[in-house]
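Each remark here refers to the structure printed beneath this line.
Any read-out appearing in this document is the output of simple, stated calculations on the displayed coordinates, not a laboratory observation. Note that the structure is predicted; figures quoted are calculated from it, not measured. Cβ: placed from backbone, ideal geometry, glycine included. Neighbour counts: every protein chain shown.
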Amino acid sequence: DAKTTQPPSMDCAEGRAANLPCNHSTISGNEYVYWYRQIHSQGPQYIIHGLKNNETNEMASLIITEDRKSSTLILPHATLRDTAVYYCIVTQEGYSTLTFGKGTMLLVSP
Amino acid sequence: SAVISQKPSRDICQRGTSLTIQCQVDSQVTMMFWYRQQPGQSLTLIATANQGSEATYESGFVIDKFPISRPNLTFSTLTVSNMSPEDSSIYLCSVPNRGHDNEQFFGPGTRLTVL
């Protein structure tokens, strides 16, 4: 699986958009970008994934650059409950094993 | 979605003893995964447990230290054997979303402290 690079921490004001970047410059053509988050004292939670098109669901939007070497997870209106560690994972569809990096600790403040 | 429970939620154990962690899923699943999360660290996959076959262990993890049982499609156990303080971690199980193997549902974790 391709390696990912994320900033160790980010801050966001409540109600504002949180934009979490991920670099995956060695991604190969059949690898997807997955995002999970882990709220303190809980297990990780799946958020969204994509291959090359932008994706949106009820939780977030995923923007993948045209060259697929980076992506951004967008939480459009961050709340205090979005404070968590966010993991960007690159893996093959159906491969099933997930390799978690260090992630980004997002702190949403009032 | 799948609802996953783990027992115990936390435990404090003495070195040299063993602890068995249970993972129960509310639906039948072929694959179950066990992860370890050491203090302040990210998750590391220990093994994949398929019902009806031996568990597949990741590099650095061995069956003698982390024996796994998978007696049916809704249940699995992970045993942490001959524990040392270095085994103090959160242990989590997960299952894939049906038809979407990389969308995994995680249990709440078992927080283990070894003295």
Excluding residues on the same chain fewer than 8 positions from A:Lys102, give the aspartates and glutamates whose Cα lies under 17 Å from its Cα. A:Asp1, A:Asp11
Report, by chain and number, residues whose modeled amide H sits under 5 Å from the one on B:Asp101, excluding near sequence neighbours (fewer than 5 apart, same chain). A:Gly94
Whole-Hz Karplus ³J(HN,Hα) for region A:34-51, in order, using 6.51 cos²θ - 1.76 cosθ + 1.60 and θ = phi - 60°, x for Gly and Pro? 10, 10, 10, 9, 10, 6, 3, 6, 10, x, x, 10, 5, 10, 6, 8, x, 9
Could you list, by residue number, the cysteines of chain B that have no other cysteine's beta carbon within less than 4.7 Å of their beta carbon? B:Cys13
Cα→Cβ-extended label distance, 7 Å offset, between A:Arg81 and A:Ile63, nm: 2.6
Report the Cα centroid-to-centroid distance between region A:7-49 and region B:93-115 in angstrom, as an integer. 18
Peptide A:35-47, shielding by other chains (average Cβ, 10 Å cutoff): 5
DSSP loop (so not H, G, I, E, B), at most 11 other Cβ within 10 Å: list which GluC sites (Glu not before Pro) in region A:25-88 pass both filters. A:Glu58, A:Glu66
Express in % the proportion of alpha carbon pairs of the protein assembly as shown at distances exceeding 31 Å. 23
Positive-end residue of A:Cys12, A:Thr72, A:Gly94, charge dipole of chain A with Cβ unit charges: A:Cys12
Every cysteine in chain A with no other Cys Cβ under 4.7 Å from its Cβ, please list them in numeric order. A:Cys12
Tell me, what HN-Hα J-couplings in whole Hz come from the Karplus equation 6.51 cos²θ - 1.76 cosθ + 1.60 at θ = phi - 60° for each residue of region B:85-98, using x for Gly and Pro? x, 5, 7, 5, 6, 9, 10, 10, 10, 8, 9, x, 5, 4
Under the definition of partner shielding as Cβ atoms of other protein chains within 10 Å of a residue Cβ, what is the mean value for peptide A:17-29? 0
Kirkwood Rh and Cα-based Rg: tell me the resulting Rg over Rh for chain A, rounded to two decimals. 0.95
Using R₀ = 30 Å, calculate the FRET efficiency as 1/(1 + (r/R₀)^6) where r is the Cβ-Cβ separation of B:Leu73 and B:Asp11; round to 0.05. 0.70
May I ask you to evaluate 6.51 cos²θ - 1.76 cosθ + 1.60, the Karplus curve with θ = phi - 60°, for each residue of region B:43-55 and list the ³J(HN,Hα) values in order in whole Hz, giving x for glycine and proline? 7, 10, 6, 8, 6, 10, 10, 9, 5, x, 9, 5, 5
In nanometres, what is the gap between the two model label sites at A:Glu93 and B:Ile63, each 7 Å from Cα along Cα-to-Cβ? 3.4
